[in-house]
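The values are calculated or read from the model by the stated rules, or taken from the named source; none is laboratory data. Remember, it's a predicted structure, so these values are computed and weren't measured experimentally. As a convention, Cβ positions derive from the backbone with ideal geometry for all residues, glycine included, and neighbour counts pool all protein chains shown.
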């Protein structure tokens, strides 16, 4: 490998725009004579990465990495020093003879093969009457948009790219390594993408690293086909939309992540150039780091169906640990960004984006909507969201969400916080939520005995008016059970427990079933229990009224004469805190 002259290296350093170069990978903001951003070499929440254009240098106060434009490119793209010098030299107009003998020479050859394929596909789209152009027109994409995004059409032939590579004296083996060609079992090679609209996937330097292909011919499967993973196309970190989205992300201070290539184009057509699309994969840690370097604000715009909602939750698992502030935009049922744009226009799509809720709020609402009436359901809701809350790096933000979940499910913030802490340790969050029934007082125990007696011997319900008995019961849930049960009771006919349960709330129905499962007791004991319980409830309510009147008499402006007359002189002074004799187990 020939040595590159020192003066040539210095010329390249002097001409390189270090702010523009680093700005492809990091969102930079001017701060005096320097620019600041979050370091691309380590995870951080507060920017400590500084770029000095006057010196052509960068330095991170967090991880202590520093250097110039050449060393930055070496770090970010895993280049050797000569390879980084040549790459920067090409950008600033200083030519250096290529050396293709090493591994990076392989990468350069793959990029060259992709460039040839891109030229083939662009030429294919320009052929009059081709199916790709007709399909794009049907999707509302005009020639200017197709050109801006480099869209193409892979002809329905087996050797379009094979012949083009040979014409450029590029070995077909490079086409195979680039994912453009496949090998025949009988020998020879054929084009992988055929009869498809093509989407060039580029890196932040604008180099084509892979392709996506959309079927446009009848009965063509699969609908979307990407070129496979290669040394230059790593789907776990690649986005469709670079480098065009970089400046828009800086201006908007957010990224909008979508699932499809046409969705990304739809955002751009609606005036939101900050859109990025994954390339046939779910969001990964590498994607999250890529986004975090450019902006902390991310909007997820996925399909509004169940799969799209689950994708939002999965995305949060990889994005929250990086301190990203994620919002979730909800599309109308059955729509994707492209279809909404076509039907209702750009303004409708912008409204959906601007109305995006914090994604955690979205997940919490979705979990609560499944039900949180019983202690078990509350525990399930908290257990569903606790692992996500545990991923939030900020203690303040995490605490606020714990309080929000507690209010949503009707629990205590401390219990939710405890569940989140268990989730952080990899333990089952359900164990932190108390679900045992509260300790019952004498009134609750006695009303349960009343219910048990009516279940065993329903004919005794006829001895009392339903409204009278229900009016004596302070607990609304127990009152509903007694009302439905007494209404269903008939002489010499067993109670239809499930019929009564069907008219109750879930927790009430479960209590009814549990009482019906108790051991039976004889009719005389049941009759005494029912009668004694009603009598006890009457004394209890009478005592409650007396206490209320006594409290009112203590007021300075009390009408004593009226209050004294209101008091029941014959009211029993029995200690109503003691239950009546019980006829069965409690």
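Based on what the data block shows, is residue 54 farther than 17 Å from residue 292 by Cβ, in a loop (DSSP other than H, G, I, E, B) and not assigned by TED's automatic domain parsing to the domain that holds residue 203? Let's see the steps before the verdict.
On the way: farther than 17 Å from residue 292 by Cβ: yes; in a loop (DSSP other than H, G, I, E, B): yes; not assigned by TED's automatic domain parsing to the domain that holds residue 203: yes.
Yes.
Quick one: would you say residue 329 is crowded, with 23+ Cβ neighbours inside 10 Å and at pLDDT 90 or above?
On the way: crowded, with 23+ Cβ neighbours inside 10 Å: yes; at pLDDT 90 or above: yes.
The answer is yes for residue 329.
When residue 120 is evaluated against the numbered criteria (1) in a helix (DSSP H, G or I); (2) out of contact with any strand residue (DSSP E or B) (no Cβ under 9 Å at 6 or more places or on another chain), which criterion, by number, is the only one it fails?
Single failed check for residue 120: (2).
Just to verify a result, which residue in segment 429-443, among those that are touching a helix residue (DSSP H, G or I) at 6+ places or on another chain (Cβ under 7 Å) and surrounded by fewer than 23 Cβ atoms within 10 Å (Cβ to Cβ), is modelled with the lowest pLDDT?
Residue satisfying both the conditions and the ranking: 435.
Which members of segment 294-323 meet the condition of being within 19 Å of residue 245 (Cα to Cα) and buried (at least 23 other Cβ atoms within 10 Å of the Cβ)? Show your work before the answer.
Of segment 294-323, the ones within 19 Å of residue 245 (Cα to Cα) are 294-302.
Across segment 294-323, the qualifying residues are 294, 298, 299, 300, 301, 302.
Take segment 203-223 and flag every residue that is out of contact with any helix residue (DSSP H, G or I) (no Cβ under 6 Å at 6 or more places or on another chain) and either assigned by TED's automatic domain parsing to the domain that holds residue 276 or farther than 16 Å from residue 246 by Cβ (or both).
First pass over segment 203-223, keeping only residues out of contact with any helix residue (DSSP H, G or I) (no Cβ under 6 Å at 6 or more places or on another chain): 203-206, 209-211, 213-215, 217-223.
Correct list: 210, 211, 213, 214, 215, 217, 218, 219, 220, 221, 222, 223.
Which ones in segment 148-159 are surrounded by 20 or more Cβ atoms within 10 Å (Cβ to Cβ) and farther than 30 Å from residue 271 by Cα?
Once the filter is applied, which keeps residues that are surrounded by 20 or more Cβ atoms within 10 Å (Cβ to Cβ) and farther than 30 Å from residue 271 by Cα, segment 148-159 yields only 155.
Is one or more of the residues making up segment 290-298 assigned to a helix (DSSP H, G or I), at pLDDT below 90 and in contact with a strand residue (DSSP E or B) (Cβ under 8 Å, 6 or more places away or on another chain)?
Yes: one or more hits.
Within segment 164-200, can you find the residues that are over 19 Å from residue 222 (Cα atoms) and touching a strand residue (DSSP E or B) at 6+ places or on another chain (Cβ under 7 Å)? Lay out the reasoning, then the answer.
Going residue by residue through segment 164-200, those that are over 19 Å from residue 222 (Cα atoms) are 164-178, 183-189.
Correct list: 172, 175, 176, 183, 184, 189.
Anything in segment 178-194 that is buried (at least 19 other Cβ atoms within 10 Å of the Cβ) and either under 35 Å from the mean Cα position of the chain (by Cα) or assigned to a loop (DSSP other than H, G, I, E, B) (or both)? List them, or say none. So that I can check it myself, show each step before the final result.
Initially, segment 178-194 is screened for residues buried (at least 19 other Cβ atoms within 10 Å of the Cβ), giving 178-181, 189, 191-194.
Result: 178, 179, 180, 192, 193, 194.
Where in segment 352-420 are the helices (runs of 4 or more DSSP H), entirely inside, with at least 1 residues that are outside the structural domain of residue 325 (by TED's automatic domain parsing) and farther than 23 Å from residue 329 by Cα? Step through it out loud before you land on a result.
Working: elements: 359-369, 375-389, 395-409.
Of the helices (runs of 4 or more DSSP H) lying wholly inside segment 352-420, those with at least 1 residues that are outside the structural domain of residue 325 (by TED's automatic domain parsing) and farther than 23 Å from residue 329 by Cα span 375-389, 395-409.
Can you spot a residue in segment 149-172 that is closer than 28 Å to residue 274 by Cβ and at pLDDT below 95?
Filtering segment 149-172 down to residues closer than 28 Å to residue 274 by Cβ leaves 149-153.
Filter once more, so that each one left must be at pLDDT below 95: none.
For segment 149-172, residues closer than 28 Å to residue 274 by Cβ and at pLDDT below 95: absent.
Restrict the check to segment 268-284 and report whether at least one residue is assigned to a helix (DSSP H, G or I) and more than 13 Å from the chain's Cα centre (by Cα). Break it down into steps so the answer makes sense when it comes.
Filtering segment 268-284 down to residues assigned to a helix (DSSP H, G or I) leaves 268-269.
Adding the requirement that they be more than 13 Å from the chain's Cα centre (by Cα) leaves 268-269.
Checked segment 268-284: at least one residue is assigned to a helix (DSSP H, G or I) and more than 13 Å from the chain's Cα centre (by Cα).
If I filter segment 215-227 for residues that are buried (at least 21 other Cβ atoms within 10 Å of the Cβ) and over 30 Å from the mean Cα position of the chain (by Cα), do I get at least one hit?
Residues of segment 215-227 that are buried (at least 21 other Cβ atoms within 10 Å of the Cβ), as a first pass: 216, 226-227.
Cutting the leftovers down to over 30 Å from the mean Cα position of the chain (by Cα) gives us 216.
Yes, segment 215-227 contains at least one residue that is buried (at least 21 other Cβ atoms within 10 Å of the Cβ) and over 30 Å from the mean Cα position of the chain (by Cα).
Report whether or not residue 36 is part of a strand (DSSP E or B) and surrounded by fewer than 17 Cβ atoms within 10 Å (Cβ to Cβ). Spell out the reasoning first.
Working: part of a strand (DSSP E or B): yes; surrounded by fewer than 17 Cβ atoms within 10 Å (Cβ to Cβ): no.
In short, no.
Which of the residues belonging to segment 69-82 are in contact (Cβ under 8 Å) with a residue 24 or more places away in the chain and either crowded, with 17+ Cβ neighbours inside 10 Å or assigned to a helix (DSSP H, G or I) (or both)?
Kept after step one, since they are in contact (Cβ under 8 Å) with a residue 24 or more places away in the chain, are these residues of segment 69-82: 69-70, 72-73, 75-76, 79-80, 82.
Residues satisfying the conditions are 69, 70, 72, 73, 75, 76, 79, 82.
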